[in-house]
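The next block holds one structure in the form of structure tokens; read it before the comments.
No lab work stands behind these numbers, since they all come straight from the coordinates. Just so we're clear, the structure is a prediction, and the values are computed from it rather than from any experiment. No Cβ is skipped: glycine too gets one built from the backbone with ideal geometry, and neighbour counts run over all protein chains shown.
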Amino acid sequence: MERITTLDEFILDKQKDFPFATGELSGLLRDIGVAAKIVNREVNRAGLVNILGLEGSTNKTGDEVQKLDIFANNKLIDYMKNSGECSGIASEELEDFVKLPTKEGKEAKYVLVVDPLDGSSNIDVNVSVGTIFGIYRRVSDHGKECELKDFLQPGNKLVAAGFILYGTSTIMMYTTGNGVNGFTLDPSLGEFCLSHQSLKIPENDKYYSVNQGYYLQFDLEMRRYIDYCSDSRRSLRYIGSMVSDIHRNIIKGGIFLYPNSRNNPQGKLRLLYECNPMAMIVEQAGGKAINSNLERILDIEPKSLHQRSPIIIGSTNMVDEFEEFVKKYRPGKEG
Ligand code: P6P
């Protein structure tokens with residue numbers, strides 16, 4: 001049996017790769033791992049809420065039982081406060097970013113962007129959900145509170161990105177720009193254990209992942225690409241949970257598309273805390289992530305915290321193939 005490497009051991013070991021690392025980023029990643037274990041416990045109990053009639057009531061400590069995405073949001077904020085390494089958080093659950101108190105006058109270097117529980121509407125039907133996070137180094141004066149510009153950085157400035165998938169098992173994947181590694185939670189140990197080292201997304205055309213129900217709302221090039229995938233007898237897999245769909249493609253190969261449509265001219269997914277972190281992870285695993293205008297997701301300059309972006313992400317060969325359809329079928333986009 002191979003020796004178990006825990007997330008904490010791995011983070012500390014990788015810190016040696018950064019000669020000037022002072023441990024702040026490692027501390028942040030470890031605290032995200034702890035928050036993930038707590039969220040995981042509640043997600044796993046979600047089905048009991050109805051049976052035990054907990055929802056909307058108060059628990060033993062008198063706290064009101066919260067909706068899980070609010071619970072996840074608050075837990076992440078609590079643990080980021082605890083680390084003292086995070087100056088502020090921008091979250092899908094919060095209209096504006098939240099400033100965190102510095103610890104013992106420490107100048108926190110980083111800010112966090114997070115979707116605390118993506119796909120939470122799937123919980124009621126026991127479908128996998130996920131937490132998506134990205135970490136930026138601040139661009140504002142470290143001696144003062146964080147500012148909006150700390151969050152409105154392009155994804156190519158992320159120093160770390162990751163997700164936690166609460167599925168048949170709970171897995172945390174992250175990158176600090178030197179490849180992607182995955183850790184599976186062993187409930188008997190209460191530890192995330194290294195299970196997927198130096199992940200590379202397969203180059204194949206196994207799966208395409210899109211909500212085919214919007215077919216008639218898509219632009220011509222998207223409809224032609226979907227027809228081509230279908231005619232090529234590729235398997236359509238669409239879970240309706242971004243983390244689950246992209247995680248499957250990282251392991252098996254494939255493409256995930258949430259493009260613009262008549263109902264969602266900018267797509268549905270959020271640039272800052274959904275598209276950018278997932279794009280960093282997929283690129284670090286050897287894949288590609290673009291928007292409907294064939295621009296690299298990580299190069300888009302954000303204008304607002306909750307702005308949306310169309311996204312086409314996955315195996316490089318399939319994303320390149322999609323680009324050919326855009327050049328062929330979109331007027332003015334000839335290659
Ligand atoms: P649709 C879940 O609600 C989510 O935000 C993503 O996780 C998922 O990829 C997408 O929306 C699904 O959207 O329009 O296909 O239901």
Point to revise | segment 66-128-segment 258-312 distance, computed between alpha-carbon centres (Å) | key: 21 Å
Check your understanding: What number, in percent, do you get for the relative contact order of segment 196-335 if the mean sequence gap of Cα pairs under 8 Å and at least 6 apart is divided by its residue count?
Key -> 31 percent
Revision key, fill the gap. Computed from the beta carbon distance with a Förster radius of 41 Å, FRET efficiency for S232 and K99 to the nearest 0.05 stands at 0.25
Study note, to complete from the structure: Net charge (Lys, Arg +1; Asp, Glu -1) of residues whose beta-carbon lies under 9 Å from that of M242, M242 excluded, is -4
Review point. In whole Å, what is the distance between the alpha-carbon centres of segment 1-36 and segment 160-192?
Key: 12 Å
Check your understanding: Using the reciprocal of the averaged 1/r over all distinct C-alpha pairs, how large is the Kirkwood radius of segment 106-240 in Å?
Key -> 18.2 Å
Exercise for review: Using only the alpha carbons of segment 174-215, determine the length spanned along each of the three principal axes and report them from longest to shortest in whole angstroms.
Suggested key: 45, 25, 19
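Considering every Cα-Cα pair within the chain, what fraction, in whole percent, is farther apart than 35 Å? Don't jump to the answer; show the numbers that get you there.
Details: 11909 of 55945 pairs.
Counting pairs separated by more than 35 Å, the tail of P(r) holds 21 percent.
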Exercise for review: Scan the chain and hand back the longest stretch that contains none of the trypsin sites (Lys or Arg not before Pro) lying in DSSP loops with at most 10 other Cβ atoms within 10 Å.
Suggested key: 61-232
**Study point:** Largest to smallest principal axis extent of the C-alpha atoms in segment 7-196, angstrom
**Key:** 51, 35, 30
Study note, to complete from the structure: Going residue by residue through segment 305-311, the Karplus relation 6.51 cos²θ - 1.76 cosθ + 1.60 with θ = phi - 60° gives ³J(HN,Hα) values, rounded to whole Hz and with x marking Gly or Pro, of 4, 10, 5, 9, 8, x, 9
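Dividing the alpha-carbon Rg of segment 207-329 by 2.2 N^0.38 Å yields what?
Numbers: Rg = 13.1 Å, N = 123, 2.2 N^0.38 = 13.7 Å.
This ratio for segment 207-329 stands at 0.96.
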Study note, to complete from the structure: Residues L194, L305, L29 in order from fewest to most other beta-carbon atoms within 10 Å are L194, L305, L29
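Quick one: longest stretch of the chain between exposed loop GluC sites (Glu not before Pro), exposed meaning at most 16 other C-beta atoms within 10 Å and loop per DSSP?
Formally, the longest exposed-site-free interval is 204-294.
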Check your understanding: Please state the Cα pair-distance histogram of segment 80-160 with 10 angstrom bins from zero: what percent is in each bin?
Key -> 19, 45, 24, 10, 2
